[in-house]
Structures are given as C-alpha cells and as structure tokens.
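Some notes on the structure that comes next.
Values quoted throughout were computed directly from the atomic coordinates according to the rules given, and no laboratory measurement underlies them. Every value quoted in this text rests on a predicted model; they were computed, and no experiment measured them. Cβ placement follows ideal geometry from the backbone for every residue including glycine, while neighbour counts extend to all protein chains displayed.
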Amino acid sequence: MTLNFIAGEMNFSNGRPAALSILLVFLTLISLAGQQRPSSEQGREAPPRQEQSQSSPGGETNVAAPVDPKTYKIGPEDVLLIRVWREPELSGAVAVRPDGMVTVPLVGDIQVNGLSPEGLGARLKDEFARFVNNPIVQVYVQSVRSKKYYVSGQIARTGEFPLIVPTTVLEALAKAGNFTDFANRKKIVVIRGDKRFIFNYNDVIKGKKTEQNIYLENGDFIIVP
C-alpha cells in the first residue's frame, strides 16, 4: 500500500528524471525491510543466573533461605527448589521426606540427606545427563525445616525457630523479643540432650562470662525461668 501511494504521488510529466523516481522507490523498500527485521537481541536466551527468589508450588514468591550452598547440609523436612535451565518439566519445589529422600522427574527417588545444595546439583546434573544434553542444574534451599531450636518461658515469643545460620544464645534471645517482668535473666538454661548450660544474660551483655554465649545446635531448648 505504501508503494502504491508513492507511485500515485510521482508525476513523470513534470520533467523529473525517471532515475530519481526509481531511487525513491528503492529507498522506501530499504526502510520497510529495516522496520520488519527482528532485532539481533530478540530471541536470544539469557544464560542462567543465581536467583534470590523463587516461586513455591502455590505460586507465591519466597526468598531463598540464606544458607551457604557449599556447606549447608540438607535434612528431612527441608524444602528444596530444583531448577534445570530450559527444562521446566524437570524443575520445581520438593520437600525432603523423613527418610531423607526426594522424588525427582525422570530420576525417581534420590537420597539427599547430608548433601549440600551444590553437591545435590552436581549429582542431579549427572542423573539428568542420561536424558538431557548438557543439563545446567541449580538447587536452592527454599525453606529450612530440618534444623531448629526452641525457646520457652518468660519471653515474648516462644516456640520453634529455624536454625538457618550459626546463632548464639544471645542472638536467639534477641529474636525471641523482650523478657517478661518475671524473667530470671541470670539463670537461663540451654538444654542439649542430657547436657545443661547456664546462661547469665546480665553478665554476658556486660562483657562478662562470654564463654556462656555458645552457638546453638539443632534441637537445642532455651528456657527462660
């Protein structure tokens, strides 16, 4: 339609050279071709990158837990996100069962207990390589549920807390909020199996008896009398 319009506007009887008219048509064709040519950047897939947020099976976005992918040990009840680049049917969130296993498409049941996210990613890469050409696999810990500690007694927040990163008794108490008016801050107890550790909050915050400010382990109970 553009060419017809141009041709209709051309007046060959007014003495314009025919070469000029041909040149105008040629330039118009070049302009139209440039508009229709796809950009060199279109259709180019970006390489995979480490993502800080992922979508859970319910569709809501959750920030990946701030664990070290090289050293964190996966355990039962943890929620993992497996991402295989350009293979959405192999990607998704999975919960680690009590037996330490997960079920992965094409692979089936696989033991993940005690593996790091990077270690599991390397293992899945080898497994998927039987079905996919050069798979790129990333594993995230979406929710830490296998490692936790508990706080009870005379403090604002009691109950179960995820042990995501190394946490001291003082840090755990700070997360649990303010003490109640009846709290005995000098005789806080950390229970670890059959062991008991005394934590004197008043001394520790003054820089005394700092050896009492131990790092918590999975399953520790902090009791504020």
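Structural descriptor for the range 63-143: relative contact order 40 percent, calculated from alpha carbon pairs under 8 angstrom and at least 6 residues apart. The modelled label-to-label distance for the pair E87/R196, using points 7 Å beyond Cα in the direction of Cβ, is 5.4 nm. Here the residues V204, V112, ranked from fewest to most Cβ neighbours within 10 Å of their Cβ, fall in the order V204, V112.
To the nearest 0.05, what FRET efficiency results for E160 and M101 with a Förster distance of 30 Å applied to their C-beta separation? Efficiency, rounded to the nearest 0.05: 0.80. What is the distance in Å between the Cα centroid of the range 98-113 and that of the range 145-174? Comparing the Cα centres of the range 98-113 and the range 145-174, I get a distance of 29 Å. If a/c stays under 1.5 just call it rounded; otherwise compare a/b with b/c (prolate if a/b is bigger, oblate if not). Do that for the range 63-143, with a ≥ b ≥ c from the square roots of the Cα gyration tensor eigenvalues. Prolate, since a/c reaches 1.5 and a/b exceeds b/c. Of all the Cα-Cα pairs you can form in the range 148-224, what percent are over 19 Å apart? In whole percent, the share of Cα-Cα pairs in the range 148-224 beyond 19 Å is 26.
In terms of overall dimensions, the C-alpha atoms belonging to the range 133-174 reach 58, 16, 13 Å along their principal axes, ordered largest to smallest.
Peptides 130-142, 164-176 ordered by packing proxy, namely the average of other Cβ atoms within 10 Å per residue, highest first: 130-142, 164-176. Placing +1 on each Lys and Arg Cβ and -1 on each Asp and Glu Cβ, with no other charges, gives the range 63-143 a dipole about its Cα centre of roughly 180 debye. Between N178 and K208, what FRET efficiency comes out of the Förster formula 1/(1 + (r/R0)^6) with R0 = 22 Å and r the beta carbon distance, rounded to 0.05? With R0 = 22 Å, the Cβ-Cβ based efficiency is 0.55.
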